[in-house]
Amino acid sequence: MIHLLPIALRSAWNRRYTLGLTLIAIALSVTLLLGIERLREDARDSFAEAVSGTDLVVGARSSPIQLLLYAVFHIGEASNNMGWHSVQMLAAHPDVAWIIPISLGDSHRGFPVLGTTPAYFEHFRYGDRQPLRLAQGKSFDGLFDAVLGAEVAERLGYKLGDRITLAHGMREHEEEHEPGHAEHGDKPFTVVGILARSGTPVDRTVHIDLEAMQAIHLDWQAGAPIPGFVIPQEYVKKFDLTPKAVTAVLLGLKSRTAVFAMQRQVADYRAEPLIAVLPGVALSQLWDLLAVAERALLAISALVLAVSFAGLVAVVLAGLGERRRELAILRSVGARPRDLFALLALEGGAVTLAGAALGTLLLTVLSAALGPWMEARYGLALRLALPSAAELALLGWVGLVGTLASLLPGYRAYRLSLADGLTPRV
């Protein structure tokens with residue numbers, strides 16, 4: 001069969017334009033198939049690395065997935081807030097090592113604003129328990145200081161010392177003034193720090209002190225400014241800025257063995273209905289919820305690939321009519337029917353393998369070109385790496401199915417007799 005390979009390659013080169021289009025179709029299909037698989041794996045890795053070292057996420061009773069998405073990934077909206085007295089209860093618990101209260105709800109030009117305490121910069125971990133690092137400046141120590149995530153500073157062109165204004169409620173766009181969103185224009189913040197890039201939602205977040213979140217809402221009620229009542233920025237420190245409620249709390253325990261006991265105590269807390277979520281368990285529930293969509297996307301890409309293989313079979317079969325004389329000549333010089341079968345199978349297999357290789361290369365190029373944009377726009381880091389075990393398995397299936405699809409034209413050539421190619425068609 002080895003001696004047939006040069007013949008198969010020369011024959012394919014003579015029909016390079018037709019087979020080239022088929023090869024491109026297979027390559028694009030392989031790129032789609034592998035791209036969906038890699039995007040799925042990278043999305044899981046990005047979500048899993050967004051928070052580490054946090055034993056429990058505590059918030060008002062709701063869906064565990066909803067609480068995790070809002071508190072950690074800043075996606076969606078909180079169903080309710082938890083009272084400050086509950087935060088104090090958790091902080092005083094003997095099993096709690098550290099506590100990070102967070103308050104969400106405001107925004108700056110499309111980016112979420114997170115109110116928290118200095119403990120956030122001390123205890124928050126991501127990836128392989130990596131701490132947050134400041135690329136420039138310092139963490140906030142004044143009431144109206146702001147620390148920006150790397151993406152916020154880069155996208156909006158901010159530097160240390162710039163003044164920014166927050167807006168009430170979440171925006172979907174970066175426009176400075178948008179109808180329907182009230183600005184806290186009388187209480188601007190000063191950028192005192194810019195965090196190093198982490199590849200997590202932290203990059204897309206504006207961080208302020210938890211008391212500052214309370215200060216900018218002193219003269220607000222029910223989500224709107226109180227008419228005719230304004231508290232100037234220089235006077236807000238005269239008021240009690242202790243928060244009345246927060247969105248959620250990140251907990252670190254002294255011992256991991258106390259996680260489930262702490263979870264039960266939070267669930268049984270009588271002062272208000274709360275829920276304690278294990279981040280890893282909630283993420284598993286999220287992937288179970290999305291499993292159907294993942295399988296559907298893979299099925300769609302597999303169907304696209306099947307159409308490409310059907311095109312390959314159709315092209316080779318259609319070419320048999322033009323190659324009758326070529327195949328007959330090969331028979332006349334001693335080629336056996338099984339040699340013709342192997343010749344057509346090799347040709348189809350070569351096109352399949354070339355398409356798979358080209359598709360893998362195209363995926364690598366697209367990952368390198370679109371990776372920074374995907375990370376900036378959606379917080380999803382596309383990795384540049386060798387194909388994973390799952391991707392290699394998919395490539396194996398592509399090669400197998402492509403080779404099997406090539407057997408049909410080979411069988412058709414096997415059935416052709418010598419007289420079929422030497423007898424002129426009328």
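The values are calculated or read from the model by the stated rules, or taken from the named source; none is laboratory data. All figures in this text were calculated on a predicted structure; none of them were measured in a lab. Virtual Cβ from ideal backbone geometry, glycine too; neighbours counted across all protein chains shown. Note: accessible area is taken over every heavy atom of the protein model, side chains too, but ligands, DNA and RNA are not part of it. Shrake-Rupley method; radii C 1.70, N 1.55, O 1.52, S 1.80 Å.
Key figures for this structure:
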| item | result |
| --- | --- |
| Those strands (runs of 3 or more DSSP E) lying entirely in region 7-118 with at least 2 residues open to solvent by 10 Å² or more (accessible area, probe 1.4 Å) | 96-108 |
| Residues that are modelled with pLDDT under 90 and hydroxyl-bearing (Ser, Thr, Tyr), drawn from region 108-135 | TYR126 |
| Residue count for region 128-157, restricted to those that are assigned to a loop (DSSP other than H, G, I, E, B) and either open to solvent by less than 20 Å² (accessible area, probe 1.4 Å) or touching a helix residue (DSSP H, G or I) at 6+ places or on another chain (Cβ under 7 Å) (or both) | 6 |
| Qualifying residue in region 328-339 (condition: among the acidic types (Asp, Glu), modelled with pLDDT of 70 or more and in a helix (DSSP H, G or I)) | yes |
| Region 117-137 residues that are under 18 Å from ALA150 (Cα atoms) and touching a residue at least 12 places away in the same chain (Cβ under 8 Å), paired with ones that are aliphatic (A, V, I, L, M) and open to solvent by 50 Å² or more (accessible area, probe 1.4 Å) (beta carbon under 6 Å, 6 or more apart) | GLN136/LEU160; GLY137/LEU160 |
| Residue list for region 280-303, filter: in contact with a Leu (Cβ under 6 Å, 6 or more places away or on another chain) and either farther than 30 Å from GLY402 by Cβ or surrounded by fewer than 17 Cβ atoms within 10 Å (Cβ to Cβ) (or both) | ALA282 |
| Selection count where residues are open to solvent by less than 30 Å² (accessible area, probe 1.4 Å) and under 20 Å from THR116 (Cα atoms), scope region 221-244 | 3 |
| Matching residues in region 186-220 - criterion: being in contact with a His (Cβ under 9 Å, 6 or more places away or on another chain) and open to solvent by 20 Å² or more (accessible area, probe 1.4 Å) | PRO201, ARG204, HIS217, TRP220 |
